[in-house]
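Derivation of every value follows stated rules applied to the coordinates shown; laboratory data play no part. Model, not experiment: these values are computed from the prediction. Backbone-built Cβ (ideal geometry, glycine too); neighbour counts: all protein chains shown.
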Ligand code: GLY
Ligand code: MN
Ligand code: MN
């Protein structure tokens, strides 16, 4: 299923070449990764390559030549990909091959990947500027150096190599940050699938079940609705496990009276959703759990109210922190004024991560958080970010025992709109009443 149209991919390539102004860009996709012996991990293309091509096959490289309108040289996009190979296709499945790639994906030219080493030095010749993600992959850095050396070796024949190498990711990160209507629609669907999986998990959770049984409910729901993969390793953390931020062993039994924190989202045609919900294994929050949950929920509401154009990136984090710190003081866990607790960082005993990140093709998506002057950048319509405050209470002398081992995070995905934000993950139950009602069904 292709959710982003071919013209949109083509327009992205043209936009990048316009931003480049001149020169050549080389953008390889990801390599296949071996899991053991001759078995591979499920293949995942490189996000930059996919963003520009829509092409999902491994062993592919995109070359963009910006051209020069003044000299009548039109921009050109060239794909290198695997050849058609009926023998391999019997074993591994369909591959486009260069001719079909041109016809189906709108590249100007396509060649066999076996011709890469021969053709790229020719394409590099006399280009003034090269755009490449230097440092992203050592093997590609070596290859690029070899190609450049080949071009430089022709200096006496009058051929020049690019003497200026720029990071192509700088330009692409900024483009990827602003989601098109088709990307927004895709992210809504990705979010809806993940939201329905969270609702299913609430209905399936029972004391005595294992965390991995609940993880299986997510995989069931993701694949059932066409998502190709989890967007990241699901965190299914019962009780004290929720206080380990990146817990993913997912192999403990769920206990009556414990909370269950689940951070799980899916990837739909490349686009991630990222949701965390925390709910009681037995369907009913205890008084202490409810008190902490309502605090985190209030901090999230404050953060969400600050997701709007004109506010800077850190405004939602600051709003969440303000509510959380007041709560930590009210509970008696932190001493002193709000200002003092913020300044000393004493709140980090309970809240040690930030309130969000960009979301898109990558779960922690591309894009700068600060402007060139080093200030937090402003939020603008079309950006997508997560809003995910939490509270994690490890056993400690300064906290009454009935709060120990409570770990709560509430995470939603927000699309910045003209005057605020749209919560893409709204379908995942979140209030105490909604969660307890869904769990009673
Ligand atoms: N699930 C990854 C994150 O929340 O950042
Ligand atoms: Mn997140
Ligand atoms: Mn998450």
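Rank these for me by crowding, 274, 419, 137, going from fewest to most other beta carbons within 10 Å. Could you put the intermediate results ahead of the total?
Working: 274 28, 419 9, 137 15.
Listing 274, 419, 137 from fewest to most nearby Cβ atoms yields 419, 137, 274.
Work out the FRET efficiency for residue 335 and residue 422 from their Cβ-Cβ distance, taking R0 = 45 Å, and round it to the nearest 0.05. Could the numbers behind the result be given before it?
Details: r = 40 Å, r/R0 = 0.88.
In this case the efficiency is close to 0.70.
Can you figure out the FRET efficiency of residue 34 with residue 381, using R₀ = 51 Å and their beta-carbon distance, to the nearest 0.05? Display every interim value, and only then the final one.
Details: r = 43 Å, r/R0 = 0.84.
After rounding to 0.05, the efficiency reads 0.75.
To the nearest whole percent, what portion of all C-alpha pairs in segment 221-274 is separated by more than 18 angstrom? Write down the numbers at each step before the final one.
Values: 559 of 1431 pairs.
For segment 221-274, the fraction of Cα-Cα distances above 18 Å is 39 percent.
Can you list the equivalent-ellipsoid semi-axes of the chain, largest first and in whole Å, using the square root of 5 times each Cα gyration tensor eigenvalue? Don't skip to the end; give the middle numbers.
Working: eigenvalues 423, 129, 70 Å².
After diagonalising the Cα gyration tensor, the semi-axes are 46, 25, 19 Å.
Once the Cα atoms of segment 69-221 are picked out, what are the Rg and Dmax in Å?
23.3, 77
Quick one: 113, 426, fewest Cβ neighbours within 10 Å first, how do they rank? It would help to have the intermediate numbers written out before the result.
Values: 113 19, 426 15.
By the 10 Å Cβ count, ascending: 426, 113.
Treat the count of other C-beta atoms within 10 Å as a stand-in for reagent exposure and order 10, 122 from fewest to most.
Details: 10 18, 122 12.
With the sparsest Cβ surroundings first, the list reads 122, 10.
Mean-square fluctuation check for the chain, GNM, Cα pairs under 10 Å: which of 210, 352, 86 is largest?
86
Taking a quarter of the surface of the Cα convex hull of segment 241-324, what do you get in nm²? Please report the intermediate quantities before stating the final value.
Numbers: hull surface 30.2 nm².
Over every viewing direction, the Cα hull of segment 241-324 projects on average to 7.5 nm².
Can you compute the label reach from residue 248? Point 7 Å from Cα along the Cβ direction, backbone N cut-off under 17 Å, restricted to segment 275-300.
275-277
Per 0.36 nm of contour for each residue apart, how much would the distance between residue 94 and residue 18 grow if the chain were fully extended, relative to their Cα-Cα spacing?
On the way: separation 76, 0.36 × 76 = 27.36 nm, distance 3.36 nm.
Full extension of this stretch gives 24.0 nm more.
In a Debye calculation with equal point scatterers on the alpha-carbon sites of segment 269-314 and no solvent, what is log10 I(q)/I(0) at q = 0.16, 0.32 Å⁻¹?
-0.67, -1.13
Rounded to the nearest 0.05, what FRET efficiency is calculated for residue 11 and residue 433 with R0 set to 41 Å and r the Cβ-Cβ distance?
Details: r = 46 Å, r/R0 = 1.11.
Efficiency, rounded to the nearest 0.05: 0.35.
In whole angstrom, how far apart do the alpha carbon centroids of segment 153-178 and segment 372-441 sit?
Distance between centres, Cα-based: 40 Å.
With the cut-off at 18 Å, report for segment 188-284 the share of all Cα pairs above it, as a whole percent.
So the portion of pairs separated by more than 18 Å is 38 percent.
Would you compute, for the Cα atoms of segment 307-441, the largest minus smallest coordinate along each principal axis and list the three values in descending order, in whole Å?
For segment 307-441, the Cα spread along each principal axis is 48, 44, 25 Å.
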